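Structure first, then comments.
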Amino acid sequence: MRAVRDRLKPLSLPDLAGQRAVVTGASGGIGLATAAALAGAGAEVVLAVRDRQRGEDAATRIRVEHPDADLRVELVDLGSLRSIADAADRIGRRPVDLLINNAGVGSDDPGALTRDGFELQVGVNYLGAWALSAGLWPALRYTDGARVVTLGSTMAVRGRIEHGFGSPTGSVYRSYCDSKLATVVFASELRRRAERARIGVTAVAAHPGWCATAIFDTGGPPAVVTAIGRMTGALQSPADGAQPVLLAATAPNAAAYYGPLKHRGSAGPPGPVPPLPAMLDPAVGERLWDLSATLTGIMIDL
């Protein structure tokens, strides 16, 4: 594979000293790049990962660049509601200023399921993010100016939220797109509900464009995107792909959705991008909210 180099100037982040950030999927790729940047800006960063050794290795890599980084590794399997509840109980004992729902999987097995019986990609990419956000909600709700950032994808535009959501569709492509549409609709619905309840938590969606990360190694739907990215020259590094996420996490008066601004959203400097139509439709948001609560048995107390 052709090497992918950082092409964007690193973002200048505000001083985050005294803030506590939780980043899922922080052992590699965009999650690791996001965690490293936040730690470099002074935040205490919880690396929420599925494998402890990979998490500790990631912490070591971050400390090479930022020797004084304040890091903690926490285990969480986003394909297990029990694991998520246990992790949220540990992490949520102290205030959380920033939750980055970054972790995701791509699968080439249309029958793959989570431990709770959900289609793997929808279960991990979206329902896992829903459950962790719910578990950490008390720690976020009572933290002044807290923010939840949830990662979408350029493929979200092809997703649907319909009857049977969360069950195998017979198409890994369809399920991946559905999972990513759900993440951005969740962000917009959480934002609407928090504003309506006058709760000071801001929810923001972001997508990284086309990036070279481990999610592309599975042969599942994301592999199609990386192949196109290589052909067009628009494939980004994880550090560049993390920039819309970091902007969503730290920009004052945050917009609803951030992503790359060039190559039809696949690469380039980060900035606000137009929300998808489903993000602007309260009926879609309410349908997803109700489905999420019904499927997981977990509610977000607003």
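The values are calculated or read from the model by the stated rules, or taken from the named source; none is laboratory data. What you see is a predicted model; the values in this text were computed from it and never measured. Here the Cβ positions follow ideal geometry from the backbone for every residue, glycine too, while neighbour counts run over all protein chains shown.
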Anything in region 158-181 that is within 15 Å of A129 (Cβ to Cβ) and not in a helix (DSSP H, G or I)? List them, or say none. G159, I161, F165, G166
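Results for (1) within 11 Å of G285 (Cα to Cα); (2) of a type in the set (G, A, S), shown as yes or no for each residue.
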residue	(1), (2)
G170	no, yes
S179	no, yes
F186	yes, no
R196	no, no
V201	no, no
Residues of region 49-76 that turn out to be acidic (D, E), closer than 18 Å to R20 by Cβ and free of Cβ contacts under 8 Å to residues at least 24 places away in the same chain, as a count: 1
Index of the failed condition, E286 passing every other in (1) in a loop (DSSP other than H, G, I, E, B); (2) under 19 Å from R196 (Cα atoms): (1)
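Among the residues of region 15-38, what is the count of those that are outside any helix (DSSP H, G or I) and either crowded, with 24+ Cβ neighbours inside 10 Å or among the acidic types (D, E) (or both)?
Selection size over region 15-38: 8.
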Residues within region 239-262 that are under 14 Å from H207 (Cα atoms), out of contact with any Leu (no Cβ under 7 Å at 6 or more places or on another chain) and either aliphatic (A, V, I, L, M) or modelled with pLDDT under 95 (or both), tallied: 7
Out of the residues in region 286-300 that are among the small types (G, A, S) and farther than 16 Å from S179 by Cβ, state the one that is surrounded by the fewest Cβ atoms within 10 Å (Cβ to Cβ). G297
Sort through L78, L98 and tell me the only one that's of a type in the set (A, V, I, L, M, F, W, C), in contact with a Gly (Cβ under 7 Å, 6 or more places away or on another chain), surrounded by 15 or more Cβ atoms within 10 Å (Cβ to Cβ) and modelled with pLDDT of 95 or more. L78
Among the candidates A59, A41, which residue alone is within 16 Å of A242 (Cβ to Cβ), surrounded by fewer than 24 Cβ atoms within 10 Å (Cβ to Cβ) and over 17 Å from the mean Cα position of the chain (by Cα)? A41
Options R115, R61: the member that is among the basic types (K, R), closer than 26 Å to L288 by Cα and touching a helix residue (DSSP H, G or I) at 6+ places or on another chain (Cβ under 9 Å): R115
Hits in region 129-157 - residues which are of a type in the set (D, E, K, R) and either within 11 Å of the chain's Cα centre (by Cα) or not in a helix (DSSP H, G or I) (or both): D144, R147
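Listed here are the residues, each with its yes/no results for (1) buried (at least 20 other Cβ atoms within 10 Å of the Cβ); (2) at pLDDT 55 or above; (3) among the basic types (K, R).
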{"residue": "T213", "(1), (2), (3)": "yes, yes, no"}
{"residue": "T218", "(1), (2), (3)": "no, no, no"}
{"residue": "P222", "(1), (2), (3)": "yes, no, no"}
{"residue": "V225", "(1), (2), (3)": "yes, no, no"}
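Any residue at all in region 109-122 that is at pLDDT 95 or above, in contact with a Lys or Arg (Cβ under 7 Å, 6 or more places away or on another chain), surrounded by 24 or more Cβ atoms within 10 Å (Cβ to Cβ) and within 22 Å of Y258 (Cα to Cα)?
So far as region 109-122 goes, no, none of its residues is at pLDDT 95 or above, in contact with a Lys or Arg (Cβ under 7 Å, 6 or more places away or on another chain), surrounded by 24 or more Cβ atoms within 10 Å (Cβ to Cβ) and within 22 Å of Y258 (Cα to Cα).
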Considering residues of region 166-187 that are in contact with a strand residue (DSSP E or B) (Cβ under 7 Å, 6 or more places away or on another chain) and small (G, A, S) only, the residue nearest to D290 (Cα to Cα): G166
Those residues of region 171-184 which are of a type in the set (A, V, I, L, M, F, W, C) and farther than 11 Å from R160 by Cβ, in sequence order: V172, V184
